[in-house]
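Visitor: Dropping a structure here in structure tokens format, bear with me for questions.
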Amino acid sequence: MGGRCLVQVPTASPPPPPSAFGCHLPLAGEDNGGPLGPQPPTRYPARHAAHPPRTNGPRLADSPSPHFRYFADPDLPGWHRWEMMDDTRFNASLAPISTRVDGAIARVRMVPQRRHSNLRDHVHGGALLGFIDVAVFAAARAFGVMGEGGASTVDLSTQFIAGADSTHPIEAHVEMLRETGRLFFVRGLVVQGDDSDWTTIASFACTARKGSIRA
């Protein structure tokens, strides 16, 4: 008995899907450079296009806050000091925290003290995690995307890469990936050294919720 046979002709593979933020996910061999500069093998690949902080509409950070002070750093020209008014809170254990914005990167600086060190005279891993968590919100303040008080961490992923000398300053270089009405998404590196020779201490990615307590 006669009949028809259907032959399925293979077609070309569809293009790779966009990421959750609507931008192309790089494939192996593609250039993963970005505002953080050339990425050595120990650094994470660029997964999302950077989203610059919004400039339209009112900025919560423009108003004075009863919880934090944000003022020109007297010890570091071109930087701002970000500190909590209540020095009995956790943030005070990491002070002083200084910030500045260089292009698409917010730099957040901390000067470790002996109490932040471990027996190897490195910055303790717990102190680094605390610094990263605080640096995320200090960077958001420097970018002007949120006011202070009541903000919270939704997710924080960290990879330790090298030990940080507890006798020298460390910096978190924070890149804003995306901002919505209630959330913002960042990634960054904790580094130590100077502008010509940074040592990467850790990498991180964070999702955070903006504060409900507004300045």
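Visitor: Restricted to the range 133-165, and to residues that are among the small types (Gly, Ala, Ser) and within 11 Å of the chain's Cα centre (by Cα), which residue is nearest to His67 (Cα to Cα)?
Guide: Ala138
Visitor: OK, next. Would you point out which residue out of Phe131, Phe137, Phe143 is in contact with a Leu (Cβ under 9 Å, 6 or more places away or on another chain) and either among the hydroxyl-bearing types (Ser, Thr, Tyr) or at pLDDT 70 or above (or both)?
Guide: Phe131
Visitor: What residue, of Thr158, Thr153, Thr167, is within 16 Å of Cys206 (Cα to Cα), of a type outside the set (A, V, I, L, M) and modelled with pLDDT under 95?
Guide: Thr153
Visitor: Another question about this same structure. Considering each of Ala172, Ala205 in turn, give the residue that is modelled with pLDDT of 95 or more, touching a helix residue (DSSP H, G or I) at 6+ places or on another chain (Cβ under 6 Å) and either more than 22 Å from Ala104 (Cα to Cα) or small (Gly, Ala, Ser) (or both).
Guide: That would be Ala172, the only listed residue that is modelled with pLDDT of 95 or more, touching a helix residue (DSSP H, G or I) at 6+ places or on another chain (Cβ under 6 Å) and either more than 22 Å from Ala104 (Cα to Cα) or small (Gly, Ala, Ser) (or both).
Visitor: Next question. Is it the case that some residue within the range 174-182 is among the small types (Gly, Ala, Ser), buried (at least 23 other Cβ atoms within 10 Å of the Cβ) and free of Cβ contacts under 8 Å to residues at least 60 places away in the same chain?
Guide: The answer is no, given that none of the residues of the range 174-182 is among the small types (Gly, Ala, Ser), buried (at least 23 other Cβ atoms within 10 Å of the Cβ) and free of Cβ contacts under 8 Å to residues at least 60 places away in the same chain.
Visitor: Cβ contacts < 8 Å: first residue among the hydroxyl-bearing types (Ser, Thr, Tyr) and surrounded by 11 or more Cβ atoms within 10 Å (Cβ to Cβ), restricted to the range 83-102; second residue modelled with pLDDT of 85 or more and assigned to a helix (DSSP H, G or I), any location; separation 6+ or different chain. Result?
Guide: Hits for this filter: Ser93/Arg115; Ser93/Gly130; Thr99/Ala138; Thr99/Ala139; Thr99/Arg141; Thr99/Ala142.
Visitor: Which one is surrounded by the fewest Cβ atoms within 10 Å (Cβ to Cβ) among residues in the range 105-122 that are farther than 17 Å from Arg81 by Cβ and at pLDDT 95 or above?
Guide: His122
Visitor: While we're looking at this one, here's another question. Could you list all residues from the range 119-140 that are closer than 12 Å to Ala164 by Cα, in contact (Cβ under 8 Å) with a residue 40 or more places away in the chain and either in a strand (DSSP E or B) or among the small types (Gly, Ala, Ser) (or both)?
Guide: His122, Val123
Visitor: Additional query: Out of (1) assigned to a helix (DSSP H, G or I); (2) free of Cβ contacts under 8 Å to residues at least 40 places away in the same chain, what's the single condition that is false for Gly193?
Guide: In the conditions (1) assigned to a helix (DSSP H, G or I); (2) free of Cβ contacts under 8 Å to residues at least 40 places away in the same chain, Gly193 misses (1) alone.
Visitor: Can you spot a residue in the range 150-161 that is touching a strand residue (DSSP E or B) at 6+ places or on another chain (Cβ under 7 Å) and part of a loop (DSSP other than H, G, I, E, B)?
Guide: Yes - at least one qualifying residue is present in the range 150-161.
The values are calculated or read from the model by the stated rules, or taken from the named source; none is laboratory data. Just so you know, these numbers come straight off a predicted model, no measurement behind them. Virtual Cβ from ideal backbone geometry, glycine too; neighbours counted across all protein chains shown.
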